[in-house]
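The values are calculated or read from the model by the stated rules, or taken from the named source; none is laboratory data. Just so it is clear, the structure is predicted and the values come from calculations on it, not from any experiment. Glycine also receives a Cβ, built like all others from the backbone with ideal geometry; neighbour counts cover every protein chain displayed. Just so you know, the surface numbers come from the protein's heavy atoms only, side chains and all, with ligands and any DNA or RNA stripped out. Shrake-Rupley method; radii C 1.70, N 1.55, O 1.52, S 1.80 Å.
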Amino acid sequence: MSHRPIYLDNHATTSVDVRVLAAMLPYFTEHFGNPSSINHVYGWEAEAAVKKSREILAEAINATPEEIVFTSGATEANNLAIKGVAEAYFQKGQHIITVATEHNAVLDPCKYLQTLGFEITILPVQKDGLIDLTQLEKAFRPDTILVSVMAANNEIGVLQPLTEISGMCRERGVIFHSDAAQAIGKISLDVQAMQIDLMSFTAHKLYGPKGIGALYVRRRNPRVQLAPQQHGGGHERGMRSGTLYTPQIVGFAKAVEIALQAQATENEYLTQLRQRLWEQLSQLEGIYLNGHPTQRLAGNLNISIEGVDGAALLLGLQPVMAVSSGSACSSATTAPSHVLTALGHAEQLAYASLRFGIGRFNTAEEIEQVAQHTISTVQSLRKQKILA
Ligand SMILES: Cc1ncc(COP(=O)(O)O)c(C=O)c1O
């Protein structure tokens, strides 16, 4: 195989762990039954695998298996949560609160609801990417039905104070949803202790397969009602119809199981790599860390670099490393990242930004190589600019 760039885009997606793949394989060919087929062993085998996977996921977040609704990923889970609550509770109120740095899979369903007459308050963030709880306090209205704040940001890795937010929602009888696409398996998530009502997940940021995710839907204290957004055979207790993808579900559960076992050591390892990378890069002048220095995902380093053109920088880095500028989900667009813009950066600074997503399979040697190449590329681009 030809030499491939070092993969440092683990917030966009991750490689499937071979242990996950091994767990999935029998469910493509041998145990391929439909989990809804109740009349024969093929169906029973698939149903047993789905049941076990559901239990693993539920246990991982301290929920019950009945509270897990499988979806195609976090985009669908967010859509189901936000539009499902809006449709079920519109007679109670039509006001929703969310945050400027959310993923588009939260912001766009909110924008869609605006076209139907819902009012959306989009909270700004502070310079470190965290929301200001006093601003949230002021944003609540008697007709607020939902607050949606992500657990971990996909660009700057910032971890929002979920427990404080949920406490404020509880006091007011407002439903709290959190997009935990980047958080599951990387930080502890306990829906009871954290008083979460709805939480979205995806497998492919966690060394699991693409095309599978889940929504946690609280069933007690309070029971959250959701209007289904996909109608059909009544799967997932009527909340999400469609034949369950047994291999992906099994892979998702295996990925979560591995991540939870490895969480403490992996976070320590990733923190070391991230600190090493930052130590090296911060020797450059005009370089800024985006997001809170410690309240962030262990594997996330997001920087802005003064005095270089973002596109030229990426071009120079590409032969050696696969990194992202802005959100991977929208990297086809040239607009500056809405997350970095929300931090209050000047547009130009937002353009020359890099997101390093360090993951399980990266090594210390790779980080050294990445640091050296980034430094020399920035230096050479700056020199060319002076000469031009
Ligand atoms: C925070 C966040 N939410 C939602 C999504 C969308 O997840 P999926 O690809 O599973 O639809 C992503 C993926 O980029 C994400 O990072």
I want to confirm something. Restricting to the range 247-276 and keeping residues that are touching a residue at least 60 places away in the same chain (Cβ under 8 Å) and among the charged types (D, E, K, R), which single residue is farthest from GLU30 (Cα to Cα)?
ARG276
Considering ALA214, ALA203, ALA193, which residue is touching a residue at least 24 places away in the same chain (Cβ under 8 Å), more than 13 Å from the ligand (Cβ to nearest atom) and not basic (Lys, Arg)?
ALA193
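Residue-wise test of (1) at pLDDT 95 or above; (2) under 22 Å from the mean Cα position of the chain (by Cα); (3) open to solvent by 50 Å² or more (accessible area, probe 1.4 Å).
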residue	(1), (2), (3)
PRO336	no, yes, no
THR341	no, yes, yes
SER353	no, yes, no
GLY359	yes, yes, no
ASN362	yes, yes, no
THR374	yes, no, no
ALA388	no, no, yes
Within the range 62-112, which residues are over 23 Å from ALA12 (Cα atoms) and in a loop (DSSP other than H, G, I, E, B)?
ASN62, ALA63, THR64, PHE90, GLN91, LYS92, GLY93, GLN94
How about the range 1-43: which of its residues are assigned to a loop (DSSP other than H, G, I, E, B), within 21 Å of GLU266 (Cα to Cα) and of a type outside the set (S, T, N, Q)?
LEU8, HIS11, ALA12, VAL16, ASP17
Going residue by residue through the range 274-297, is there one that turns out to be more than 16 Å from the ligand (Cβ to nearest atom), hydrophobic (A, V, I, L, M, F, W, C), surrounded by 20 or more Cβ atoms within 10 Å (Cβ to Cβ) and at pLDDT 95 or above?
yes
Checking the conditions here, which among LEU314, LEU301 is part of a helix (DSSP H, G or I) and in the same structural domain as ASN10 (by TED's automatic domain parsing)?
LEU314
If you check GLU66, GLU47, GLU59, which single one turns out to be in the same structural domain as LEU198 (by TED's automatic domain parsing), open to solvent by 70 Å² or more (accessible area, probe 1.4 Å), touching a Lys or Arg at 6+ places or on another chain (Cβ under 9 Å) and more than 16 Å from the ligand (Cβ to nearest atom)?
GLU66
Filter the range 122-150 down to residues that are assigned to a helix (DSSP H, G or I) and either open to solvent by 60 Å² or more (accessible area, probe 1.4 Å) or among the basic types (Lys, Arg) (or both), then give me how many there are.
4
Count of residues meeting criterion [away from the ligand (no atom under 16 Å from the Cβ) and open to solvent by 10 Å² or more (accessible area, probe 1.4 Å)] in the range 90-121:
12
Could you tell me which of the residues ASP108, ASP132, ASP179 is closer than 18 Å to GLN229 by Cβ, of a type in the set (D, E, K, R) and free of Cβ contacts under 8 Å to residues at least 24 places away in the same chain?
ASP108
Does LEU162 qualify as being more than 16 Å from the ligand (Cβ to nearest atom), closer than 20 Å to HIS103 by Cα and not β-branched (Val, Ile, Thr)?
no
On the given criteria, is ALA81 within 16 Å of the ligand (Cβ to nearest atom), at pLDDT 95 or above and of a type outside the set (Phe, Trp, Tyr)?
yes
Tell me which residues, restricted to the range 69-96, are touching a Lys or Arg at 6+ places or on another chain (Cβ under 9 Å) and under 17 Å from GLN160 (Cβ atoms).
ALA74
